[in-house]
Amino acid sequence: MKVLNMRSCSLLKSAVFNKTNGYSSLFFLFCVMVFSLIFQTFQPLAMATHFRYGTLTWEKRTDIGANTVAISLTAAFRRNGYRGSASDGYPQIGDVITENIGGSSLSFGDGYSTGTLNFEVTSYDATENWIIGKAEISGSTHDKVIIHTYPGSTTYTAYVQTCCRLSSSDSHKNNPDGYYRLQTTVDLSSNNSPPVSSGFPIVTVEQNSNVSFNVAATDTDRDSP
C-alpha cells in the first residue's frame, strides 16, 4: 500500500494545478492536513511494542532539601530497539540508552517534567529480547535516580505515560499495543515511606486457566495492604 507523502503532494500540486495558484495552494494545504492526520494516526505503531514493565517509587532526601525526593524509575524495554556495546550491537549491563522510542518522560505532578530520560542497563536477556534499566537525567551527577525538589509539603502524583506495550502479535493479552501509565503518590505531608516492588519483564501463563504468581515487594513502614 502506498502512503501519501509530502513529495506526492508537491508533485500533484505542480502537475494538476499549475495554472491556478489559488487552487494549488488550497490543495497543498489539504495534503499537509492529510499527511499530519496519517502521521498522528500511525505514530503509536511506529514506536510500538517496546515497553515490558516498570516500577516507580521515591524516598525523601532531607539531606538535600526539606521537600526534596529521590525518585526511582525502573523499566524494561525491547532490547533490539536500542543500540549498545554488546557483541550483537544491542545494550548490555552498564550501557546507557536514551528512551526515544516512546519518549519516556517523568512528570513530577507539580507542573514540571524531566524530558526524555536515559536508562542505565542493569540486566538483560538476549533470548527473550529485553533489557531492564534505571532512569536518570542526562548530565545529572545523581546515578540511576531522579532528584526533584517540590514547592511545598503536600501530596503530588508523579507519573510516566506513553506508548506502547508488548504487541498482540507476540501473544500478549494484557492491553497489547496500548498506552501505559506508571504513577506513584508522593506524600510530603507525613513521614510515611512508599512500598518498593520488582518483577519480571515477561510473565508467561497458560490461557483459559486460573494462574497466580507473586510480585516481590517491601515496605519499611510495614503498613501497605
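Within the group D110, D88, which residue is under 21 Å from T57 (Cα atoms), acidic (D, E), in a loop (DSSP other than H, G, I, E, B) and over 12 Å from the mean Cα position of the chain (by Cα)?
D110
Within region 78-107, residues that are more than 18 Å from V145 (Cβ to Cβ) sit with their Cβ atoms under 8 Å from residues that are buried (at least 20 other Cβ atoms within 10 Å of the Cβ) and polar (S, T, N, Q), at 6+ positions apart or across chains, in these pairs: R78/T49. The number of residues in region 100-136 that are modelled with pLDDT of 95 or more, crowded, with 17+ Cβ neighbours inside 10 Å, out of contact with any strand residue (DSSP E or B) (no Cβ under 6 Å at 6 or more places or on another chain) and not hydroxyl-bearing (S, T, Y) comes to 0.
Among the residues making up region 59-77, those that are in a loop (DSSP other than H, G, I, E, B) and surrounded by fewer than 19 Cβ atoms within 10 Å (Cβ to Cβ) are R61, T62, D63, I64, G65, A66. Being without any contact (Cβ under 8 Å) to a residue 60 or more places away in the chain and closer than 22 Å to Q161 by Cα holds for only one residue in V186, V211, V203, and it is V203. Which ones in region 150-198 are outside any strand (DSSP E or B), crowded, with 18+ Cβ neighbours inside 10 Å and within 21 Å of the chain's Cα centre (by Cα)? Correct list: C164, L166.
The values are calculated or read from the model by the stated rules, or taken from the named source; none is laboratory data. Because the structure is predicted, anything quoted here is derived from the model rather than measured. So basically every Cβ, Gly included, is an ideal-geometry build from the backbone, and we count neighbours across all protein chains shown.
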